[in-house]
Each structure stands twice: as C-alpha cells, then as structure tokens.
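Inspection log for the structure reproduced underneath, given as structure tokens.
The values are calculated or read from the model by the stated rules, or taken from the named source; none is laboratory data. Predicted model, so just to flag it, every value in this text is computed and none were measured. Cβ: placed from backbone, ideal geometry, glycine included. Neighbour counts: every protein chain shown.
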Amino acid sequence: MASVSGGGASEYAQVCDRLIDILSASKQPRQAESAKNPQTEVIGGVIVELLRYLERLEESDRGRETAKKRQADGIAAARARGVKYGRPVKKAPDNFIVLAEQWECGKLSIGEFMKQTGLKERTLYRRLQEYKITKRKQHQGKQENKD
C-alpha cells in the first residue's frame, strides 16, 4: 500500500478518524438491524480494524522519517565538530615522490615500490594517481607563470 507523504498524511488521518466516527455512529441506531444481520457488524468491525491498521502504518512511516532526520542531523553535527567517518587515510611516506619517479623511469618494480612504501597495491595506485594530478597542476601553474 502506498504511503501518503507530506501534508497528505494529516488529511489521511482525518479521513480515517471521520470514517471511524461514521461507522461507530451508524452502528448505534441499527442495533435491532444488526441483530437480524450479524454480517453487517462483522464487516463494520473489519473496516474499523483495517482503518486502525492503516493509521498505525502511517504513524510508523512518520516515525521512520523522524528517525532518519534525527540521524542525519546527528551526523551533520558530528561532522561540524570534526568527527571523521570511514577508514583512516593511509598517507604516503616522505620518500614517495622519489620512489614514484624511480618507478616511472623503470628503475623500480611495482613490487619493490610496494615494499619500500609499505602500501598495498590499490592504495599505491591511488597515491600515484594523486601524485600525477598534483604534478600536472604544478606543471600547469608554471606554464601560467611563464605567460
């Protein structure tokens, strides 16, 4: 069943309340009739229970939305305080640039590069990518200074 969102949720609750009132009021004057036809009372009871169930569903949806909003607010507040999420970043060693240049020239194998830096293969390639981007930006900055 689709959830009603936004302002429609309160309208939905009002409709449910109104239907419950109508069904409750309609049962009172028909006591004699319901004695003749017990199915009417059973069907009315089923409808009332169904409406109550739908209202509880809507309340639980609103509760989930509230919890998600509180969680997002808590995460935003933690980030504002400087809390870091995720794995800690493994920094490249101080001699990384020298080793990267040796690797680029073919003087150093990737295995030896990994041993000397203490980085895993994926991390090493990620740091190499960052190094190349930084190197490219520095080169572009020098070109702009010449012009």
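Overview of results
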| read-out | value |
| --- | --- |
| Contacts under 6 angstrom Cβ, first residue in the range 101-114 being in the same structural domain as Leu128 (by TED's automatic domain parsing) and closer than 16 Å to Lys132 by Cα, partner exposed (fewer than 13 other Cβ atoms within 10 Å of the Cβ) and charged (D, E, K, R), 6 or more apart | none |
| Test: residue in the range 63-81 that is farther than 30 Å from Leu19 by Cβ, part of a loop (DSSP other than H, G, I, E, B) and modelled with pLDDT of 85 or more | yes |
| Test: residue in the range 126-139 that is surrounded by 13 or more Cβ atoms within 10 Å (Cβ to Cβ) and not charged (D, E, K, R) | yes |
| Residue within the range 38-51 that is in contact (Cβ under 8 Å) with a residue 40 or more places away in the chain, assigned by TED's automatic domain parsing to the domain that holds Arg18 and among the acidic types (Asp, Glu) present | no |
| Close pairs (6 angstrom Cβ cut-off, 6 or more residues apart or separate chains): under 17 Å from Pro93 (Cβ atoms) in the range 125-140, surrounded by 14 or more Cβ atoms within 10 Å (Cβ to Cβ) and modelled with pLDDT of 85 or more anywhere | Arg127/Ala92; Tyr131/Ala100 |
